[in-house]
Amino acid sequence: MATKYLVTGATGGLGSSVLATLLKLLPAPQVIAGSSRAGKSTLSTLNGTVELRHVDFGNEEGMTRAFKDIDILFFVSAPIMDTETRINAHKNVVSAVKASKVKHVYYSSLAFGGTGDCEVQLMEAHLTTERLLKESGITFTSIREGVYADAFPLFLNWYPSDPNQELRLPHSAAEGKWALASREELGEATAKLMVKGGFDNEIVLFSGPEALTLAELVEAVNEASGRNVSIKWVSDDEYIKYNFANDEGKKPEFFFHSWTTMFNGVAGGDAAHVSPLLQETLGRRPLDARQFVKDTLRKNRDYTWHQNYFKGL
């Protein structure tokens, strides 16, 4: 029988890219879309219509049914800010995978720390999920997906409304480098890796082709859009206080507190790891973050990222 693939989060950003690539590589009957938003039995895509199954990370029994007869599963991490809630959702997925006898799980982890451990708070749920997969006995591959270049407005706390915005960022972020990668290219490579196979019970890294500083990203913003954005490097306390009081996106104070741990981790090199695997899997050089920013702002000078606004968190 033909191998069956299911993509969770198939209507989201990364999942939709994985799904679209699988449909270019495989006959449509082998590819199934999973989404918590599933209200119909099929999903229309650029490559035709595919079966759509309801996948709710809060419903283990329902997921066990959804994963029945699936050979290879793409498990996209839950878009939940609270770490404990996220971990509990991921526990449900692992239990459902084991009960439904999926043969191989590809998990979308995050690229902080390369393929090792790190102290960045955003990694806590990912590290725990990788441990759960190891302990479950399920064949898995954890893909440390490169930090999204698409989210550059969030890392800079930049908004297109002020052409002369002075960003306030912590000193710890000044020298740290980021090997950012395009979400679309990450999804494409993830799908190709799933079809190719291999990397059983391993943690692998997809990253952009080079690591850049936030100052270099600001230079790209200005060059591509004709703005005069600048950075003022401040203490962690001032970063939190100023951005909480003045943030156009109205993000809560805890957000800026949590991000100081990320910036400190980046200062220590946690986001600078560069791996050739993304390029090898794509078969071409991936976009670097500088070019991504320029291309994006030339297409849409007022580009925004949803998570830069509180409703998007």
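The values are calculated or read from the model by the stated rules, or taken from the named source; none is laboratory data. For clarity, every value in this text was computed on a predicted model and none was experimentally measured. Glycine also receives a Cβ, built like all others from the backbone with ideal geometry; neighbour counts cover every protein chain displayed.
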Restricting to segment 150-173, count the residues that are at pLDDT 95 or above, among the small types (Gly, Ala, Ser) and closer than 16 Å to Lys232 by Cβ. 0
Quickly run through segment 239-296 and pick out the residues that are more than 29 Å from Gly226 (Cβ to Cβ) and assigned to a loop (DSSP other than H, G, I, E, B). Pro252, Gly268, Gly269, Asp270, Ala272, His273, Val274, Ser275, Pro276, Gly283, Arg284
In segment 106-153, the residues that are within 26 Å of Thr304 (Cα to Cα) and aromatic (Phe, Trp, Tyr): Phe112, Tyr148, Phe152
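Considering every residue within segment 40-48, establish whether at least one is surrounded by 15 or more Cβ atoms within 10 Å (Cβ to Cβ), hydroxyl-bearing (Ser, Thr, Tyr) and either in a loop (DSSP other than H, G, I, E, B) or touching a residue at least 60 places away in the same chain (Cβ under 8 Å) (or both). Walk me through how you get there before you give the answer.
Filtering segment 40-48 down to residues surrounded by 15 or more Cβ atoms within 10 Å (Cβ to Cβ) leaves 43, 45, 47.
Now restrict to residues that are hydroxyl-bearing (Ser, Thr, Tyr): 45.
Adding the requirement that they be either in a loop (DSSP other than H, G, I, E, B) or touching a residue at least 60 places away in the same chain (Cβ under 8 Å) (or both) leaves none.
Within segment 40-48, not a single residue is surrounded by 15 or more Cβ atoms within 10 Å (Cβ to Cβ), hydroxyl-bearing (Ser, Thr, Tyr) and either in a loop (DSSP other than H, G, I, E, B) or touching a residue at least 60 places away in the same chain (Cβ under 8 Å) (or both).
I'm trying to understand the selection: among the residues of segment 288-312, which are within 20 Å of Gly146 (Cα to Cα) and either out of contact with any Pro (no Cβ under 8 Å at 6 or more places or on another chain) or among the β-branched types (Val, Ile, Thr) (or both)?
Within segment 288-312, the subset within 20 Å of Gly146 (Cα to Cα) is 288-296, 304-308.
Correct list: Ala289, Arg290, Gln291, Phe292, Val293, Lys294, Asp295, Thr296, Thr304, His306, Gln307.
Please state which one of Ser235, Ser230 is surrounded by fewer than 16 Cβ atoms within 10 Å (Cβ to Cβ), under 23 Å from Asp150 (Cα atoms) and hydroxyl-bearing (Ser, Thr, Tyr). Steps first, answer last, please.
Values: Ser235 fails: under 23 Å from Asp150 (Cα atoms).
Of the residues listed, the single one that is surrounded by fewer than 16 Cβ atoms within 10 Å (Cβ to Cβ), under 23 Å from Asp150 (Cα atoms) and hydroxyl-bearing (Ser, Thr, Tyr) is Ser230.
State yes or no: is Phe112 outside any strand (DSSP E or B) and in contact with a Cys (Cβ under 7 Å, 6 or more places away or on another chain)?
Working: outside any strand (DSSP E or B): yes; in contact with a Cys (Cβ under 7 Å, 6 or more places away or on another chain): yes.
Judged against the criteria, Phe112 is a match.
Return the only residue of Ala89, Ala2, Ala20 being more than 17 Å from Thr139 (Cα to Cα), assigned to a loop (DSSP other than H, G, I, E, B) and small (Gly, Ala, Ser). Can you show your working first?
On the way: Ala89 fails: assigned to a loop (DSSP other than H, G, I, E, B); Ala20 fails: assigned to a loop (DSSP other than H, G, I, E, B).
Exactly one residue qualifies, and that residue is Ala2.
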When residues of segment 43-63 are filtered for being among the small types (Gly, Ala, Ser) and modelled with pLDDT under 85, how many remain? 2
Just to verify a result, which residue in segment 297-311, among those that are without any contact (Cβ under 8 Å) to a residue 60 or more places away in the chain and assigned to a helix (DSSP H, G or I), is nearest to the chain's Cα centre (by Cα)? His306
Return yes or no: is Lys68 in a loop (DSSP other than H, G, I, E, B) and modelled with pLDDT of 95 or more? yes
So Cys118 clears everything in (1) within 23 Å of Asp237 (Cα to Cα); (2) out of contact with any helix residue (DSSP H, G or I) (no Cβ under 8 Å at 6 or more places or on another chain) except one condition, right? Which one? (2)
Scanning segment 127-164 residue by residue, those surrounded by fewer than 19 Cβ atoms within 10 Å (Cβ to Cβ), assigned to a helix (DSSP H, G or I) and touching a residue at least 60 places away in the same chain (Cβ under 8 Å) turn out to be Lys134, Ala151
For segment 165-174, check the following and say yes or no: at least one residue is out of contact with any Phe, Trp or Tyr (no Cβ under 6 Å at 6 or more places or on another chain), outside the structural domain of Ser230 (by TED's automatic domain parsing) and surrounded by fewer than 22 Cβ atoms within 10 Å (Cβ to Cβ). no
Considering residues that are within 17 Å of the chain's Cα centre (by Cα) and within 21 Å of Asp117 (Cβ to Cβ), the number found within segment 264-293 is 8
One residue is enough: does segment 36-43 have a residue meeting the conditions of a type in the set (D, E, K, R) and under 22 Å from the mean Cα position of the chain (by Cα)? yes
For segment 58-74, how many residues are without any contact (Cβ under 8 Å) to a residue 40 or more places away in the chain and either under 14 Å from Ser35 (Cβ atoms) or not assigned by TED's automatic domain parsing to the domain that holds Ser142 (or both)? 4
